[in-house]
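J.: Below is a structure I'd like to ask you about.
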Amino acid sequence: MIPLLHDFAGATVLVFGGGPVGARKARRFDREADVIVVSPEFGDRTFGDAELVRAAPAPEAIGDWLERTEPALVVAATDDEAVNDAAADAARERGRLCNRADRSGGREPGSVVVPATVREDPVVVSIATGGTAPALSKYLRQELEETLSGAGEMARVCDTLRSELKSRDVAPTRRREIVTDVVNSPSVWTALRTGTSNTGQVIEDVLCDELPTGGERP
């Protein structure tokens, strides 16, 4: 499978299943999509801001739910294989993405895997093992959480610095060299991770070192 990033802003994600897996999927997509969870019961789990619909649709009724909600993604997370099969079939027939939480390994066309993810916005790193080792995905996610500390702030530094250098007519080759040096600087990483410097301070220091001062512009 090819890893892709998909924007679900303003889209609907329809989750069948109110168990722990359905709750986890709802929370995962809740930050961006409009999530609807359909299940006969929900227990005491947290579903974020998802809309909870108490219902137990038979397999033959699954298609009606897709017609009513028009989801971009269908999540099949029930303990009833017939319902999950119907959800996957209905999604495929309508050209919708489908995530089957009850299967790993082999995939059908249009299927989606939701990988373990580490976020340091705007930096996102995901880990997948093809369904072979969920414990390994969890371990690597925990390791990467420490490694990526400060990466979000570094991304903002790079974005702002590139724009500022371009506005000062710095040659493209030199712009790339300067930004690369910043990314490879242990002292900058330390400053961003510890909070001793912020984005503005880092950029100001770089510009003072690299460009003419006294109001001159190259």
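The values are calculated or read from the model by the stated rules, or taken from the named source; none is laboratory data. Small disclaimer: the values here were computed from a predicted structure and weren't measured. We place every Cβ from the backbone using ideal geometry, glycine too, and count neighbours over all the protein chains shown. In case anyone asks, the SASA skips ligands and DNA or RNA and just uses the protein heavy atoms, side chains included. Shrake-Rupley method; radii C 1.70, N 1.55, O 1.52, S 1.80 Å.
J.: What about Ala88, is it over 25 Å from Asp121 (Cβ atoms), free of Cβ contacts under 8 Å to residues at least 24 places away in the same chain and either among the polar types (S, T, N, Q) or in a helix (DSSP H, G or I) (or both)?
T.: When the stated conditions are applied, Ala88 passes them.
One line per residue, one yes/no per condition, for (1) more than 20 Å from Val113 (Cβ to Cβ); (2) in contact (Cβ under 8 Å) with a residue 40 or more places away in the chain; (3) surrounded by 17 or more Cβ atoms within 10 Å (Cβ to Cβ):
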residue	(1), (2), (3)
Gly18	yes, no, yes
Arg54	yes, no, no
Asp64	yes, no, no
Arg68	yes, no, no
Leu73	no, yes, yes
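J.: Give the residues of region 3-40 that are in a loop (DSSP other than H, G, I, E, B) and over 24 Å from Val125 (Cβ atoms), sorted by residue number.
T.: The answer is Gly10, Gly17, Gly18, Gly19, Pro40.
J.: Can Leu52 be described as within 13 Å of Val15 (Cβ to Cβ), over 19 Å from the mean Cα position of the chain (by Cα) and in a strand (DSSP E or B)?
T.: yes
J.: Let me ask you something else. List, please: which pairs have Cβ atoms under 8 Å, are six or more places apart or on different chains, and start with a residue in region 108-120 that is closer than 14 Å to Val75 by Cβ and modelled with pLDDT of 80 or more and end with one that is in a loop (DSSP other than H, G, I, E, B) and aromatic (Phe, Trp, Tyr)?
T.: Short answer, once both residue conditions are applied: none.
J.: Here's something else I'd like to know. Of a type outside the set (Asp, Glu) and in contact with a Pro (Cβ under 7 Å, 6 or more places away or on another chain), is that true of Gly95?
T.: no
J.: Still on this structure, please answer the following. With Thr117, Thr78 as the choices, which residue is crowded, with 20+ Cβ neighbours inside 10 Å and hydroxyl-bearing (Ser, Thr, Tyr)?
T.: After ruling out the rest, the residue left standing is Thr78.
J.: Which one of Arg28, Arg103, Arg94 is within 17 Å of the chain's Cα centre (by Cα), among the charged types (D, E, K, R) and open to solvent by 10 Å² or more (accessible area, probe 1.4 Å)?
T.: Checking each option against the conditions leaves just Arg28.
J.: Looking at Ala33, Ala9, which one is open to solvent by less than 100 Å² (accessible area, probe 1.4 Å) and in contact (Cβ under 8 Å) with a residue 40 or more places away in the chain?
T.: Ala33
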